[in-house]
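Asker: Okay, here's the structure, questions in a sec.
Just so it is clear, none of the values below were taken in a lab; they were calculated from the coordinates. If you're wondering where the values come from, they're calculated on a predicted model, not measured in any experiment. Cβ coordinates were reconstructed from backbone atoms using ideal geometry, including for glycine residues, and neighbour counts include every protein chain displayed.
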Amino acid sequence: MIDIRFGLLLPWTFRLLAACAMILGLSAWQTNPWVTVVIGVVGFFALVAHEGTEINPATKTYREYTSFFFFKTGRFKSYTEIELIFINRAMESQQMYTAHTTHSSTFENMVYNAYLKFSNGEKIHLQKIKNKEKLMAVLKPLSEAVQVEVTDNT
């Protein structure tokens with residue numbers, strides 16, 4: 001089974017709030033330990049929740065999953081054949097505004113997206129990463145297992 005982890009489920013702001021809540025929750029340990037446990041579990045959930053895709057070439061099944069506490073949820077679907085694994089390049093921009101003025105800054109990054117295309121035409125977004133070599137390293141085990149070359153459209 002090949003597991004390609006897409007990324008964390010929650011944005012960084014929620015993860016930061018969860019980490020802060022966990023630290024503040026420790027202060028309640030002496031007075032009410034259950035509050036600390038509940039905040040700790042919820043905070044841990046926010047920090048480790050992620051999503052990805054699992055592909056089993058032996059049984060020709062795949063699933064797009066969401067992982068909570070390292071338990072993966074998602075239904076397996078069957079496929080007849082993987083037609084194509086390909087990489088596209090995209091420009092990603094983010095505009096940030098300051099709190100007190102009307103000035104803004106735009107940050108632009110080049111990202112590489114990996115997709116999987118099945119013979120029925122369905123496409124799955126496997127991963128998005130800024131470094132093309134790292135993306136190729138992630139896709140290599142999948143490419144070898146399903147015996148389909150990675151097409152580079154960049």
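Asker: Note the angle between two axes, namely the Cα long axis of helix 33-48 and the longest principal axis of the Cα atoms of the chain, as a number of degrees from 0 to 90, rounded to the nearest 10.
Answerer: With both axes taken from Cα atoms, the answer is about 30 degrees.
Asker: Which longest run of the chain has no exposed loop site in it, a site being chymotrypsin sites (Phe, Trp or Tyr not before Pro) in a DSSP loop with at most 14 other beta carbons within 10 Å, and the site itself not part of the run?
Answerer: So the longest stretch without any such site is 77-154.
Asker: When only C-alpha pairs under 8 Å and at least 6 residues apart count, what is the relative contact order of region 1-105, in percent?
Answerer: Contact order relative to length: 23 percent.
Asker: Which is the longest stretch in the chain that no exposed loop site breaks, taking sites as trypsin sites (Lys or Arg not before Pro) with a DSSP loop state and at most 11 other Cβ atoms within 10 Å?
Answerer: Free of exposed loop sites, the longest segment is 1-74.
Asker: A further question on this structure: With r as the distance between the Cβ atoms of Phe69 and Ala145 and R0 = 22 Å, compute the FRET efficiency 1/(1 + (r/R0)^6) and round to 0.05.
Answerer: Here the calculated transfer efficiency is 0.20.
Asker: A follow-up question, please. Can you pull the one-decimal nm distance between simple spin-label points at Lys77 and Glu92, each 7 Å off the Cα toward Cβ?
Answerer: Result for the modelled spin labels: 2.3 nm.
Asker: Taking only Cα atoms and a 10 Å spring cutoff, compute GNM fluctuations for the chain and point out the largest among Asn109, Asn88, Asn56.
Answerer: Asn109
Asker: Follow-up. How far, in degrees from 0 to 90, does helix 12-25 lean away from the longest principal axis of the Cα atoms of the chain, to the nearest 10?
Answerer: It is inclined by approximately 40 degrees.
Asker: Could you give the nm distance between label points at Glu51 and Thr154, where each point is 7 Å from its Cα heading toward the beta carbon?
Answerer: Calculated label separation equals 2.3 nm.
Asker: First obtain the Kirkwood hydrodynamic radius of region 1-78 from its Cα pairs, then insert it into the Stokes-Einstein equation at 25 °C and 0.890 mPa s, and state the resulting D in µm² per second as a whole number.
Answerer: Approximately 175 µm²/s, per Stokes-Einstein.
Asker: Which whole-number percentage describes the relative contact order of region 80-154, with Cα contacts under 8 Å and a sequence gap of 6 or more?
Answerer: Once normalised by length, the contact order is 38 percent.
Asker: Just tell me the longest site-free run in the chain, where the sites are GluC sites (Glu not before Pro) in a DSSP loop having at most 12 other beta-carbon atoms within 10 Å.
Answerer: The longest uninterrupted stretch comes out as 1-80.
Asker: Run the reach check for Lys72 against lysines, Cα to Cα strictly under 19 Å, same-chain hits fewer than 8 apart removed. What comes back?
Answerer: Correct list for Lys72: Lys60.
Asker: In nanometres, what is the gap between the two model label sites at Glu133 and Thr61, each 7 Å from Cα along Cα-to-Cβ?
Answerer: About 3.8 nm, to one decimal.
Asker: When only alpha-carbon atoms count, how far does the chain stretch along each of its three principal axes, as whole angstroms with the largest first?
Answerer: Computed over the Cα atoms, the extents are 59, 44, 24 Å.
Asker: Taking neighbour counts of Cβ atoms within 10 Å as a proxy for exposure, in what order, fewest first, do Val138, Val148 appear?
Answerer: Least to most surrounded, the residues fall as Val138, Val148.
Asker: Let me ask something else about it. Can you give the angle from 0 to 90° between the axis of helix 132-146 and the longest principal axis of the chain, with both taken from C-alpha atoms, to the nearest 10?
Answerer: The answer is roughly 60 degrees.
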